[in-house]
Amino acid sequence: MDFGMKNRMAGILSPKDGRCVMLAVDHGYFQGPTTGLEKPREVVAPLLPYADSLMLTRGVLRTCVEADMRIPIVLRMSGGTSVLKEDLSNEDITVSTEDAIRCNASALAISVFVGSENEKATLSNLAKLCDDGQKYGIPVLAVTAVGKDMVRDARYLGLATRICAELGAQVVKTYYCDKFEKVVAGCPVPVVIAGGKKIEERDALKLAYSAVRDGAAGVDMGRNIFQSRWPVQMIRAVRMIVHEGLTDDQAWTELQKMVG
Ligand code: 5RP
């Protein structure tokens, strides 16, 4: 890897332990004012001290984040559809790489929809973005999106993550599943997990713990943090699991102490 690529990767995955707590607040790009994220500025500011990187769109970055913050930016590069559509897979690249560079992006994030009608288009877009990423030394985070009819099992997620890595992504985001260790074993680049829909805090901590225990490099978590009753305490507890080796039980105990 060239210096720029290595240096940016070091902002995404900690050089100390190879892990990350990426805070995802990009949901508005297809969901509009997602619950808990109606006012991104107010939501993001208190969480930033505990995030290793921040995943968001250029619109929210430019309007809701102070430019003097030092957290690496994972810029969402794909979009073009909304929750009003049955099929969300019809995405395109919606940001130029030049603009991502102007935003000082440390990584470029793009969704791919393996097995969907638009599989080929989204995979071609991933490949194009990886070419740009190589050209400018910016890692690409491939987001394996799962359509409504697709099963989130190790076979499917293993297929999707491996394809993303083969096409050149430096990091792949997917979902936790049974036999997740097989997904990780089949993917030659680090795998991080999405938190998914809001679940009980205790269960979200278990999800984070199970994922890192089974080989995930960390989390790219959104709703289970910003929709939590205790967003700051929740991200801190997730950090304890990802970076400090706490179990979910231990992190839950710490979270309860923090919330009194
Ligand atoms: C939306 C995304 C989200 O950033 C990702 O799913 C992580 O957020 P959450 O933990 O809420 O699932 O990529 O397409």
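The values are calculated or read from the model by the stated rules, or taken from the named source; none is laboratory data. Note that the structure is predicted; figures quoted are calculated from it, not measured. Neighbour counts are summed over all protein chains in view; Cβ atoms, including those assigned to glycine, are modelled from backbone coordinates with ideal geometry. With ligands, DNA and RNA removed, areas are computed over all heavy atoms of the protein, side chains included. Shrake-Rupley method; radii C 1.70, N 1.55, O 1.52, S 1.80 Å.
Miscellaneous remarks
- With respect to the conditions (1) open to solvent by 40 Å² or more (accessible area, probe 1.4 Å); (2) in contact (Cβ under 8 Å) with a residue 12 or more places away in the chain; (3) over 15 Å from the mean Cα position of the chain (by Cα); (4) closer than 23 Å to residue 147 by Cα, residue 120 falls short on a single one, namely (2).
- Among (1) part of a helix (DSSP H, G or I); (2) open to solvent by 10 Å² or more (accessible area, probe 1.4 Å); (3) without any contact (Cβ under 8 Å) to a residue 24 or more places away in the chain; (4) of a type outside the set (Gly, Ala, Ser), the one test that residue 68 misses: (1)
- Some residue of segment 187-210 being away from the ligand (no atom under 14 Å from the Cβ), touching a residue at least 24 places away in the same chain (Cβ under 8 Å) and in contact with a Pro (Cβ under 7 Å, 6 or more places away or on another chain): no
- Exclusive hit being of a type in the set (Lys, Arg) and in contact with a Phe, Trp or Tyr (Cβ under 9 Å, 6 or more places away or on another chain), set 102, 162, 152, 70: 152
- The one condition in (1) more than 30 Å from residue 255 (Cα to Cα); (2) within 16 Å of the ligand (Cβ to nearest atom) that residue 174 fails to fulfil: (1)
- For segment 214-237, the count of residues that are surrounded by fewer than 20 Cβ atoms within 10 Å (Cβ to Cβ), β-branched (Val, Ile, Thr), more than 26 Å from residue 41 (Cβ to Cβ) and more than 15 Å from the ligand (Cβ to nearest atom) is zero.
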